[in-house]
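Below: the structure, in structure tokens.
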Amino acid sequence: MDRTEIAALLAFIGRLDPRTIRTDKGEARDQIAQWHELLGEVPMATPHGWDARTAVRQHIRLSPYPILPADIGRPWEDYRRDRLQRHTDPTPSVDPDDQAAWTAELARTRRAVATGSAEPARHRALTSGRDGLDPALEARLRAIGSCIPPSVRTRLAPYRPARAAREAAVSHGEPDALGVRCEWCHAPEGQPCRSRRVGPDGGSRGNAPRATPHPSRLDLAAARVQAQQPSTA
């Protein structure tokens, strides 16, 4: 705010709280100079949510004490901090090899967000969010049916045999064995079965993951599917 805006703000404050009015010209001039020194970098208002008069009304409404410059400067700093916390730096449009221009554009963007001249930029989630999917991504997912293309899934199969076996079973209409807990090896839902052998002392041996689930787990998954089907009686 410049001195004219400071004078206008003090006049606004005086209408709401006459205790702050300075009738002596010298005192009024000193008051304007003091407030300008402390609030010179605080705008009167911004296009996105900040208005110094709102901070004035809030203080006078809630506090019995006369307003001070800090009672406007503090909400302004909170406003700046909140906006920067909600901001994610977008990729600058300049040549990334030009470090000076890259840094300068980032600084300009952050300054515009902090001072209320621009809205914070936030990354949109790929698969969720209020705005839904990006149209290009949605079309791509419809085309391939999955976030992982079939060709890539095939190449990954040797490195994740349990998941590959699960996907193959589901694609053939068989029960999803990993959708239930294994009662034999105690593998939790979603995790592959573990090799478990009973030793001479009655204790279990082995903990290596199995590519295929235990038969009892398959039976349990099939029983769950059967129980979920509507009765025809």
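The values are calculated or read from the model by the stated rules, or taken from the named source; none is laboratory data. This is a predicted model, so every value here is computed, not measured. Quick reminder, even Gly has a Cβ in these numbers, built from the backbone with ideal geometry, and neighbours come from all protein chains shown. All accessible areas refer to the heavy atoms of the entire protein, side chains included, with ligands and DNA or RNA removed. Shrake-Rupley method; radii C 1.70, N 1.55, O 1.52, S 1.80 Å.
The set of residues in region 15-43 that are in a loop (DSSP other than H, G, I, E, B) and touching a Phe, Trp or Tyr at 6+ places or on another chain (Cβ under 9 Å) comprises Glu41, Val42, Pro43. Annotation: Phe12 fulfils all but one of (1) outside any loop (DSSP other than H, G, I, E, B); (2) open to solvent by 40 Å² or more (accessible area, probe 1.4 Å); (3) more than 27 Å from Ala121 (Cα to Cα); the unmet one is (2).
Pairs are defined by a Cβ separation below 6 Å, a sequence spacing of at least 6 or placement on different chains, a first member in region 55-73 that is closer than 20 Å to Arg22 by Cβ and assigned to a loop (DSSP other than H, G, I, E, B), and a second member that is aromatic (Phe, Trp, Tyr) and open to solvent by less than 20 Å² (accessible area, probe 1.4 Å); the pairs so defined are Pro69/Trp35.
For (1) at pLDDT 70 or above; (2) loosely packed, with under 12 Cβ neighbours inside 10 Å; (3) among the aromatic types (Phe, Trp, Tyr), each residue gets a yes or a no:
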{"residue": "Tyr159", "(1), (2), (3)": "yes, yes, yes"}
{"residue": "Ala177", "(1), (2), (3)": "yes, no, no"}
{"residue": "Arg181", "(1), (2), (3)": "yes, no, no"}
{"residue": "His186", "(1), (2), (3)": "yes, no, no"}
{"residue": "Ser195", "(1), (2), (3)": "yes, no, no"}
{"residue": "Val198", "(1), (2), (3)": "no, yes, no"}
{"residue": "Arg205", "(1), (2), (3)": "no, yes, no"}
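Scanning region 58-97 for residues that are of a type in the set (D, E, K, R) and surrounded by 15 or more Cβ atoms within 10 Å (Cβ to Cβ) yields Asp71, Arg80, Arg83. Report yes if Thr109 is under 28 Å from Ala52 (Cα atoms), of a type in the set (S, T, N, Q), open to solvent by 40 Å² or more (accessible area, probe 1.4 Å) and in contact with a His (Cβ under 7 Å, 6 or more places away or on another chain), otherwise no. In short, no.
For Val42, the criteria (1) over 30 Å from Pro120 (Cα atoms); (2) open to solvent by less than 50 Å² (accessible area, probe 1.4 Å) hold in every case but one, which is (1).
Candidates are the residues of region 20-39 that are over 13 Å from Leu10 (Cα atoms) and not acidic (Asp, Glu); the one that is most open to solvent (accessible area, probe 1.4 Å) is Lys25.
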